[in-house]
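Chemist: Okay, handing you the structure first.
The values are calculated or read from the model by the stated rules, or taken from the named source; none is laboratory data. Note that the structure is a prediction, hence the values are computed from the model and not measured. Every residue, glycine among them, receives a Cβ derived from its backbone with ideal geometry; neighbour counts consider all protein chains shown.
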Amino acid sequence: MNKYIFLFALVLCCQVVMGQRLQVVDTDGLPIPYVCVTNARGALVGTTDEEGWLESTRGEKQLYFSHIAFEATNVLADTVTNARVVMKDVDFGLGEVTVKPKELAYIQTYYRLIYLDDEGPIYFRGGVIDNTYEFAKKKSSCKKRTLSRGENGLIRFLISSIVGRYIDRLGQVKEESTYKKVLAAAQSGQLTIEGDSLGRQTISDSICILGYIDTDMEAGLRTTSFNMWAHNEHKQEAKLRAKGKEKKKKKDRHREESYYEVYRIDEQGRSRVDDFVMRQMNVSADHSRSDGRYVILLQAYTTARDYIDKKEFKQTRKENEVEMDIKELRQFEEAHNIPPLPANVKAAVDKLFEKDLNK
């Protein structure tokens, strides 16, 4: 009898462990990489890998899912069937703009960054950036208005002063998209790009899958998801092996740095700087002095696009010089149809701005 009780307990235990692993997919059944998953308090549970898998729900009963290109979703863990969670595409997009023979492309972007750990959000940074791209000189510039708040003054000061400018750059348009970087790496033989049975192109190296390219000619959009950190790590390890060396690791700690970008494309599949639609950067890693983990989640969206001359841009900058507070930032999100954060994360972020919101 004791043997049967033991076997029953073992089976039950296995079912619980297996139930903790789930996959996040879109409405077509395609896996969604780099989804940030939090619990009811807004604390980090984990992020999905390139195959859309969350390795463990950590025993949480309620789960919240956040991704730049999909509607925020929350589920009860014990109601998930077939270990799958489905997320719907966001209803976000820009109207077509007729290209005018003017010297500058004007692209307004909105971005928000949240630093999450096992305790919840401890830092938020957001802002609006007026980007310009001068076609003749192939040069971009920007004017930004940012707002940040940390769990305490020291955290805010350290993050804002040390990496604030780097964070702001991630919210700007880039002259070279992740897609073009992936193409260049493939042409040099570092990466392989090939179609798969799901109708998407898979990006991989000799070790593993690193991301995907989804091209929708009908909608005129291209999506690139790519694990930049793993790609750079594998390159470095290959160089060391070629020299008969091995990379030294102080501690066996996991880290990922992944990008998810959407650009408009023309009939030939080409895109330019001003075709930027949205970007998500997802950095996840272990804390250096504890067993906990953290995620830095950045989301950036194009909120306006036009073609202007320098005189018009000077006037636009003048009109946009007003500093924003958190209330105005929230109003800007609503006015520009920015997909909202999951309710739990928004509530936790609002606590950082509690004094400002109560004014």
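Chemist: Given the condition in contact with a Ser or Thr (Cβ under 8 Å, 6 or more places away or on another chain) and in a strand (DSSP E or B), answer yes or no: does some residue in the stretch 337-350 qualify? Working first, answer last.
Modeler: Initially, the stretch 337-350 is screened for residues in contact with a Ser or Thr (Cβ under 8 Å, 6 or more places away or on another chain), giving 338, 341-342, 344-345.
Right, trim to in a strand (DSSP E or B) and you get none.
Looking for residues that are in contact with a Ser or Thr (Cβ under 8 Å, 6 or more places away or on another chain) and in a strand (DSSP E or B), one finds none in the stretch 337-350, hence no.
Chemist: For V345, work out the one condition from (1) surrounded by fewer than 16 Cβ atoms within 10 Å (Cβ to Cβ); (2) over 19 Å from D168 (Cβ atoms) it doesn't fulfil.
Modeler: V345 satisfies all of (1) surrounded by fewer than 16 Cβ atoms within 10 Å (Cβ to Cβ); (2) over 19 Å from D168 (Cβ atoms) except (1).
Chemist: Could you tell me whether the stretch 112-128 includes any residue that is assigned by TED's automatic domain parsing to the domain that holds A300, in contact with a Gly (Cβ under 7 Å, 6 or more places away or on another chain), at pLDDT below 80 and not small (G, A, S)?
Modeler: no
Condition check ((1) buried (at least 18 other Cβ atoms within 10 Å of the Cβ); (2) closer than 27 Å to T224 by Cα) across all residues:
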site	(1), (2)
N39	yes, no
G42	yes, no
V45	yes, yes
S56	no, yes
Q62	no, no
S66	yes, yes
A72	yes, yes
L76	no, no
T81	no, no
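Chemist: Now a separate question. Does the stretch 50-81 hold any residues that are in a loop (DSSP other than H, G, I, E, B) and either touching a His at 6+ places or on another chain (Cβ under 9 Å) or touching a residue at least 40 places away in the same chain (Cβ under 8 Å) (or both), and which are they?
Modeler: So the first thing to find is which residues in the stretch 50-81 are in a loop (DSSP other than H, G, I, E, B), and the list is 50-52, 55-61, 68-69, 80-81.
Within the stretch 50-81, E50, E51, I68, A69, V80 qualify.
Chemist: Give the residues of the stretch 169-183 that are closer than 17 Å to Y301 by Cα, assigned to a helix (DSSP H, G or I) and basic (K, R), sorted by residue number.
Modeler: The one that is closer than 17 Å to Y301 by Cα, assigned to a helix (DSSP H, G or I) and basic (K, R): R169.
Chemist: Which pairs have Cβ atoms under 8 Å, sit 6 or more apart or on different chains, and link a residue in the stretch 125-153 that is without any contact (Cβ under 8 Å) to a residue 12 or more places away in the chain to one that is assigned to a strand (DSSP E or B) and crowded, with 19+ Cβ neighbours inside 10 Å?
Modeler: Note: pairs meeting the criteria are K139/Y133; S141/N131; S141/T132.
Chemist: Quick test of your reading of the structure: E176 fulfils all but one of (1) farther than 19 Å from I68 by Cβ; (2) touching a residue at least 24 places away in the same chain (Cβ under 8 Å). Name the failing condition by number.
Modeler: In the conditions (1) farther than 19 Å from I68 by Cβ; (2) touching a residue at least 24 places away in the same chain (Cβ under 8 Å), E176 misses (2) alone.
Chemist: Let me ask something else about it. Failed condition for R330, given (1) surrounded by 17 or more Cβ atoms within 10 Å (Cβ to Cβ); (2) in contact (Cβ under 8 Å) with a residue 60 or more places away in the chain, with all others met?
Modeler: Status for R330: all satisfied but (2).
Chemist: Something else about it: Identify all residues within the stretch 257-271 that are farther than 21 Å from I338 by Cβ, touching a Phe, Trp or Tyr at 6+ places or on another chain (Cβ under 8 Å) and not small (G, A, S); write none if there are none.
Modeler: Passing the criteria: only E257.
Chemist: For residues that are buried (at least 17 other Cβ atoms within 10 Å of the Cβ) and among the polar types (S, T, N, Q), scanning just the stretch 216-242, find the one that is farthest from A69 (Cα to Cα).
Modeler: N227
Chemist: For the stretch 184-214, how many residues are closer than 18 Å to L30 by Cβ and assigned to a strand (DSSP E or B)?
Modeler: Residues that pass the stated criteria total 13.
Chemist: Which of (1) hydrophobic (A, V, I, L, M, F, W, C); (2) touching a Cys at 6+ places or on another chain (Cβ under 8 Å); (3) not in a strand (DSSP E or B) is the odd one out, the single condition L329 does not satisfy?
Modeler: For L329, the failing item is (2).
Chemist: So which of Y115, Y166, Y133, Y106 ends up being part of a helix (DSSP H, G or I), aromatic (F, W, Y) and either closer than 30 Å to D275 by Cα or out of contact with any Phe, Trp or Tyr (no Cβ under 6 Å at 6 or more places or on another chain) (or both)?
Modeler: On the way: Y115 fails: part of a helix (DSSP H, G or I); Y133 fails: part of a helix (DSSP H, G or I); Y106 fails: part of a helix (DSSP H, G or I).
Selected residue: Y166, the only one of Y115, Y166, Y133, Y106 that is part of a helix (DSSP H, G or I), aromatic (F, W, Y) and either closer than 30 Å to D275 by Cα or out of contact with any Phe, Trp or Tyr (no Cβ under 6 Å at 6 or more places or on another chain) (or both).
Chemist: As an exercise: evaluate D168 against (1) among the charged types (D, E, K, R); (2) buried (at least 17 other Cβ atoms within 10 Å of the Cβ); (3) at pLDDT below 70 and give the number of the one condition it does not meet.
Modeler: For D168, the failing item is (3).
Chemist: Considering (1) at pLDDT 90 or above; (2) assigned to a strand (DSSP E or B); (3) not hydroxyl-bearing (S, T, Y), say which one H231 fails and leave the rest.
Modeler: Only one criterion in (1) at pLDDT 90 or above; (2) assigned to a strand (DSSP E or B); (3) not hydroxyl-bearing (S, T, Y) is unmet by H231, namely (2).
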